[in-house]
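No value in this document is a laboratory result; all are computed from the given coordinates. None of these values were measured; they are calculated from a predicted model. We place every Cβ from the backbone using ideal geometry, glycine too, and count neighbours over all the protein chains shown.
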Ligand code: UD1
Ligand code: UDP
């Protein structure tokens, strides 16, 4: 009797999913006992292409759904509509999704409708506030209910899932594939014009994009940063701005005309990781950066009201500072003026694994396929 070769389809659509799924795709492709297909939804366009190029991955399918100023409705409807055909044609045995974006939720829903097994990478992160981050907290909770495999990055994530009565036999603690990516990108002899520009100053790295921060919260964040830059002449700020026009307009409005703030285009992942490594301190509302910074020993002020990454806070590298101008200003100033506070945070404590999470995940899938 001929055993049918199992087919795995990896689906992602945004920059952070791509950064954390490309190492997994490469690991899957290095094994020859199943077929690997890659489908990108194109929820992001340029920011996704940058990652695909860095990891030299050519997707088998691109649904090309991105539109300027897309709403959650646009993204949801368009992915659900277009992915049906791909799933119907390829009939994968397993669909792998990552994290908590609309791509993640909608793809998992489509796989569930087709009764295809779902593997959820980076499962179990929680704030337990469905409006923060919005809509990510709902997305990841919803996927946990229907996933056949929950690949939790940490024990804490496993415990979150168990509190929700997710079947223990579906949960595996694997570490976070973000660290797999980081293992391949950091270079000791790295050079970049921004690093030359910042020589003799402290380089501060900024990113911001969260949907719930668009508008007033983001204005508070940017005002706080602007005030600090005008008061501390020994710092230089680099801000690779997310391509969301709402973010770009505000950043340009508040930060232009300051010679010590450089607004630049999104960086490819190799440049970004190495600039993180060269920076003195990071201010962000990003999720992924909270996982990467503890490995690099870079203090991060997390400009959000909640975090689903308490491990980094416990490790001491992350500090949750909210979105009020005064809090951000005070915390930023403290790190620039109090060496002890800075040193306490600038410790390399990585709670997110050893950089071999992809291998672990593929081993688990393989073992389960063989035992079927
Ligand atoms: C999405 C995810 C968020 C993730 C973030 C990573 C959802 C609901 N949100 O948010 O969880 O943290 O990606 O960055 O899934 N744009 C471009 N080119 C690009 C990417 C974006 O022009 O390559 C612009 C478009 O105008 C687009 C807008 O940015 O409409 C917003 O993109 P979208 O994916 O809807 O939301 P993000 O804020 O990026
Ligand atoms: N990143 C990047 N280029 C940039 C900014 C960020 O490659 O200009 C990387 C960063 O290292 C992290 C990921 O993108 O791996 C975070 O993506 P983002 O902040 O867009 O989304 P989130 O992590 O908040 O979902």
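Summary of values
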quantity: Test: residue 279 is buried (at least 19 other Cβ atoms within 10 Å of the Cβ) and either within 12 Å of ligand 2 (Cβ to nearest atom) or under 27 Å from residue 98 (Cα atoms) (or both); calculated: yes
quantity: Residues satisfying the stated conditions in the stretch 4-38, i.e. part of a loop (DSSP other than H, G, I, E, B) and within 12 Å of ligand 2 (Cβ to nearest atom); calculated: 13, 14
quantity: Single unsatisfied condition, residue 230 versus (1) farther than 22 Å from residue 196 by Cβ; (2) without any contact (Cβ under 8 Å) to a residue 60 or more places away in the chain; (3) within 23 Å of the chain's Cα centre (by Cα); calculated: (3)
quantity: Enumeration of residues in the stretch 12-53 that are under 25 Å from residue 67 (Cα atoms), crowded, with 20+ Cβ neighbours inside 10 Å, over 15 Å from the mean Cα position of the chain (by Cα) and more than 11 Å from ligand 1 (Cβ to nearest atom); calculated: 38, 39, 40
quantity: Tally of residues being in contact (Cβ under 8 Å) with a residue 12 or more places away in the chain and not in a loop (DSSP other than H, G, I, E, B) across the stretch 330-352; calculated: 8
quantity: Complete set of residues in the stretch 301-320 that are part of a strand (DSSP E or B) and more than 15 Å from the chain's Cα centre (by Cα); calculated: 301, 318, 319, 320
quantity: Failed item, numbered, when residue 103 is tested on (1) within 13 Å of ligand 1 (Cβ to nearest atom); (2) surrounded by fewer than 18 Cβ atoms within 10 Å (Cβ to Cβ); calculated: (2)
quantity: Those residues of the stretch 108-132 which are more than 16 Å from ligand 2 (Cβ to nearest atom), more than 19 Å from residue 364 (Cβ to Cβ) and crowded, with 17+ Cβ neighbours inside 10 Å, in sequence order; calculated: 109, 110, 112
quantity: All positions within the stretch 62-98 that are within 16 Å of ligand 2 (Cβ to nearest atom) and out of contact with any strand residue (DSSP E or B) (no Cβ under 7 Å at 6 or more places or on another chain); calculated: 66, 70, 72, 75
